[in-house]
Amino acid sequence: MQQTWRVSLVGRVFGIVVLVLAGIVAPAIVVSGLDLASKLVAVVLLGGLAALAYVNALRPSITLTSSELVIRNKLRTYRIDLNTIVRVDTGYYGIGVQTRHGQVVHGWAVQKSNLARWLGRTPARISWSRPSRSRRRQGLSAAT
């Protein structure tokens, strides 16, 4: 079992468009008649814009496997064993996963949109729950 959530389709398309445009514009700047300093500044700024598009729109994801939750944020990846998760909250800044050690990791790939917030929509409930320890020993699922 593995399921992955990413930034919205609109966000990913926007990120790809920015990267493609940066790939087209950067060589055009290099071959233009600008002086070296202007070329360098323009290419560095364009590269920074492309990097921002990548880390904000294409890199983030949340993956649920049978044994762990993998949260891939802008610059860091967290691997959390499912047995250590005690609470998951949803909200404007994504999900907050709290472990039994007190660590809270935020995965913002699944943020609540401003439109949903303005309309007062509540987050969808996840219909998955981990079976109790005694039920796991008996081989029973949470639904039985």
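Suppose we keep only residues that are open to solvent by 60 Å² or more (accessible area, probe 1.4 Å), farther than 16 Å from residue 64 by Cα and aliphatic (A, V, I, L, M) within region 89-129. Which one would you say is modelled with the lowest pLDDT? This residue is 124. Tell me, which residue of region 60-77 that is of a type in the set (Ser, Thr, Tyr) and crowded, with 17+ Cβ neighbours inside 10 Å is nearest to residue 8 (Cα to Cα)? For region 60-77, the residue satisfying everything is 61.
Residue 57 meets the stated requirement of being modelled with pLDDT under 95, within 29 Å of residue 106 (Cα to Cα) and surrounded by 14 or more Cβ atoms within 10 Å (Cβ to Cβ).
Anything in region 4-14 that is open to solvent by 80 Å² or more (accessible area, probe 1.4 Å), within 18 Å of residue 62 (Cα to Cα) and of a type outside the set (A, V, I, L, M)? List them, or say none. Result: 5, 6. The residue list 86, 17, 41 contains one member that is open to solvent by 50 Å² or more (accessible area, probe 1.4 Å), in a strand (DSSP E or B) and of a type in the set (A, V, I, L, M), which is 86.
Residue-by-condition table, conditions (1) in contact with a Pro (Cβ under 7 Å, 6 or more places away or on another chain); (2) modelled with pLDDT of 95 or more; (3) of a type in the set (A, V, I, L, M, F, W, C):
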| residue | (1), (2), (3) |
| --- | --- |
| 5 | no, no, yes |
| 8 | no, no, no |
| 12 | no, no, no |
| 21 | no, yes, yes |
| 36 | no, no, yes |
| 48 | no, yes, no |
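The values are calculated or read from the model by the stated rules, or taken from the named source; none is laboratory data. Please read these numbers as outputs of a predicted model, since none were measured by experiment. Backbone-built Cβ (ideal geometry, glycine too); neighbour counts: all protein chains shown. Heavy atoms of the whole protein, side chains included, go into the accessibility calculation; ligands, DNA and RNA do not. Shrake-Rupley method; radii C 1.70, N 1.55, O 1.52, S 1.80 Å.
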